[in-house]
Amino acid sequence: MDIIPAIDLIDGRCVRLTKGDYAQSRVYDGSPVDMAKRYADCGVRRIHIVDLDGAKAKHPCNLDVLESVATATGLDIEWGGGVKDESALRSAMDAGASRVICGSVAVDNRDMFIEWLGKYGSNRLILGADVRDGKVATHGWLKENNVMVEELVDAFVPFGLSQLICTDINKDGMLQGPNYPLYTGLQEKYPAVDVTLSGGISSFADVERAHALGIRAVIVGKAIYEGRITLKDIEQWLLKE
């Protein structure tokens, strides 16, 4: 199981939100590049970077940070936030994203996302489904939709979708443990799709439980910044794996 540390960006700085609320953001010390280097040094292969400014502005705003991280670390970077058209998609890839997360555009323009899956390959495109009470929220979690996560995945599996990051907004940043049934249910229903758990990881025990349940990847953010999961914990896990 992959452990994927998260770096969320506002104004080029590392932040964490609580339940997707921009008004409940906390800025952490340390530059994104320094954080990424620390992750790379402990053996992490992939990191998760979200451009929160871009998600609100509807276009990427922190590509300079992406490029700096990619140049400094050579990590596999999954990038999301503000990718609403092909120009933004290509800009993120050109700046160093190995994979690009598409959320709002996949909901608002399914045909375009299907076209991208064919053109760029499912290994480079991740469907981002941020859910609140089962329904997908878009545009930086600010817009509610009447689309269920399963309906969204069903639309793209026939066209080769192989990667899904699902974030339970009600759990995100709360440090109260993930909604495990959501992820085990999705993974069982879509065995050809690698489902990544995002939201709620509070301790390494949560990581170990996710692994025991057959979840293929977990994103860890606030628990690291708050010291509940240490880089040593991650390093020892990766060495064991």
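The values are calculated or read from the model by the stated rules, or taken from the named source; none is laboratory data. This one's a predicted model, so the numbers in the text were calculated from it and none came from an experiment. All Cβ positions, glycine included, derive from the backbone under ideal geometry; neighbour counts span all protein chains shown. Each accessible area value is taken on the protein alone, full model and side chains, heavy atoms only, with ligands, DNA and RNA left out. Shrake-Rupley method; radii C 1.70, N 1.55, O 1.52, S 1.80 Å.
For every residue, the table says whether it meets (1) at pLDDT 95 or above; (2) out of contact with any Gly (no Cβ under 6 Å at 6 or more places or on another chain); (3) outside any loop (DSSP other than H, G, I, E, B); (4) of a type outside the set (Val, Ile, Thr).
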| residue | (1), (2), (3), (4) |
| --- | --- |
| 22 | no, yes, yes, yes |
| 25 | no, yes, yes, yes |
| 30 | no, yes, no, yes |
| 33 | yes, yes, yes, no |
| 37 | yes, yes, yes, yes |
| 44 | yes, yes, no, no |
| 49 | yes, yes, yes, no |
| 67 | yes, no, yes, yes |
| 72 | yes, yes, yes, yes |
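The residues listed here are 205, 192; of these, the one that is among the hydrophobic types (A, V, I, L, M, F, W, C), surrounded by fewer than 14 Cβ atoms within 10 Å (Cβ to Cβ) and not in a helix (DSSP H, G or I) is 192. Tallying residues that are closer than 18 Å to residue 194 by Cα, modelled with pLDDT of 95 or more and in a loop (DSSP other than H, G, I, E, B) within the range 77-106 yields 1.
Looking at this structure, is residue 84 open to solvent by 40 Å² or more (accessible area, probe 1.4 Å), over 22 Å from residue 164 (Cα atoms) and touching a Ser or Thr at 6+ places or on another chain (Cβ under 8 Å)? Considered against the rule, which asks whether it is open to solvent by 40 Å² or more (accessible area, probe 1.4 Å), over 22 Å from residue 164 (Cα atoms) and touching a Ser or Thr at 6+ places or on another chain (Cβ under 8 Å), residue 84 comes out as no. Of all residue pairs spaced 6 or more apart or on separate chains, those with beta-carbon atoms under 8 Å, a first member in the range 44-55 that is over 13 Å from residue 102 (Cα atoms) and a second member that is among the charged types (D, E, K, R) and not in a strand (DSSP E or B) are 53/11.
Just so you know, in the range 132-145 the residues that are assigned to a strand (DSSP E or B) and surrounded by fewer than 23 Cβ atoms within 10 Å (Cβ to Cβ) include one that is modelled with the lowest pLDDT, and it is 143.
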